[in-house]
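Taking it in order: structure first as structure tokens, then the write-up.
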Amino acid sequence: MKTYIVGNWKMNFTVGESSLYLHKLLQRIKTYRDIEVVVAPSLMALQPLSLQVDRRKIKLSAQNAYFQDFGAYTGEVSASQIRSLVDYCIIGHSERRHILGETNKDVRQKVAAVIRNGMTPILCIGETAEERKNGETTDIIRDQLLSGLSEVSSEDLDKIIIAYEPVWAISTTKAAKMATPDDIKEVLDLIHKLLKKTYGEEDAEKIPVLYGGSVKATNAEAYLSIPGCNGLLIGGASLIAPEFNDIIEIAKQVRA
Ligand code: 13P
């Protein structure tokens, strides 16, 4: 399985800044067959960046998409409208769930729409600090994972990616804490176990499971070395092109 290094730029960079960043990264980056590099700029920048990007080096992702294909949904942009621009689409990021009120039902409809439109959803799941404190991590992970995948047919299981992002470890969360490799391993094991139980060993093994939350060049090696971690979803550190490139190089070394 490939290792995925995904940069989620969130609501940062103007279109011009996004283009400059991509230019810098394209100049530095080396291609490795077993490492898939993906960046998720803001929606505004997807069109120009889709013309600028060299897809052999970097793939593009959206950060969200609406589940209806067309119609009277003011302000929304659908998976079918972005399908020619990107290969991936992040769905169910905790900021969308907790700040913008996205429900498990929205998330599963969006996952289905992204697949229907020929892209790969990166389904984000993760518990908050409060949920963890209350011993609800297992239930939250199970609900978000199985509900998010409930409209995905078994033939499409090789077209999805899961990202575990504990909300309490995301760098911009108030009083964020760094997750330890042991914290992460426990939940990655749970995710792999739930996938195997639900879809069978063979199909479950095709699904990459990434980690995200305060990933930096200084901890990427430790996180990528966790058994069952198939890549990283990076926020803040992905906004610095040299650091993001360093993480790609670290991934290459860890997987060598
Ligand atoms: P940070 O890497 O800034 O903690 O963000 C993680 C994240 O939310 C990526 O989607």
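Take the Cβ atoms of L146 and L20, set R0 to 41 Å, and the FRET efficiency comes out at 0.50. Sequentially through segment 4-12, phi angles give Karplus couplings (6.51, -1.76, 1.60; θ = phi - 60°) of 9, 10, 10, x, 9, 7, 6, 8, 10 Hz, Gly and Pro residues having no value and appearing as x. Potential lengthening of the chain between K159 and A72 amounts to 28.4 nm, from the contour at 0.36 nm per residue minus the alpha-carbon distance. With the simple spin-label model, which puts each label point 7 Å out from Cα in the Cβ direction, the K252 to I240 separation comes to 2.0 nm. With no solvent and one equal point scatterer placed on each C-alpha of the chain, evaluate the Debye formula and give log10 I(q)/I(0) for q = 0.13 Å⁻¹, two decimals. One equal scatterer on each Cα of the chain leads to -0.77.
With 0.36 nm allotted per residue and the present C-alpha distance subtracted, the K206-T103 stretch has 34.5 nm of extension available. Our note on the geometry: Cα centres of segment 192-215 and segment 7-77, 25 Å apart.
Ranked by the mean number of other Cβ atoms within 10 Å of their residues, highest first, the peptides 2-10, 236-244, 182-190, 208-216 come out as 208-216, 2-10, 236-244, 182-190.
Residues in segment 192-223 near a label at K185, defined as backbone nitrogen under 18 Å from the 7 Å Cα→Cβ point? Within reach of a label on K185, which here means backbone N under 18 Å from a point 7 Å along Cα→Cβ, segment 192-223 contributes 192-194, 209-212, 219-223. When you count the other C-beta atoms within 10 angstrom of each residue and take the mean per peptide, 151-157, 124-130 line up highest first as 124-130, 151-157. For segment 1-112, the number of Lys pairs separated by eight or more positions or lying on different chains, with C-alpha atoms closer than 29 Å, is 19. Our estimate of slack between K196 and M44, defined as 0.36 nm per intervening residue step minus the Cα-Cα distance, is 50.9 nm. Computed per residue of the chain from DSSP H runs no shorter than four, each worth -39500 (n - 2.57), the mean residue ellipticity at 222 nm is -12000 deg cm²/dmol.
Read the figures in this text as sums done on the coordinates, not as results from a lab. Just so it is clear, the model here is predicted, and its values are computed rather than measured. FYI the Cβ positions are ideal-geometry reconstructions off the backbone, even for glycines, and counts take in every protein chain you see.
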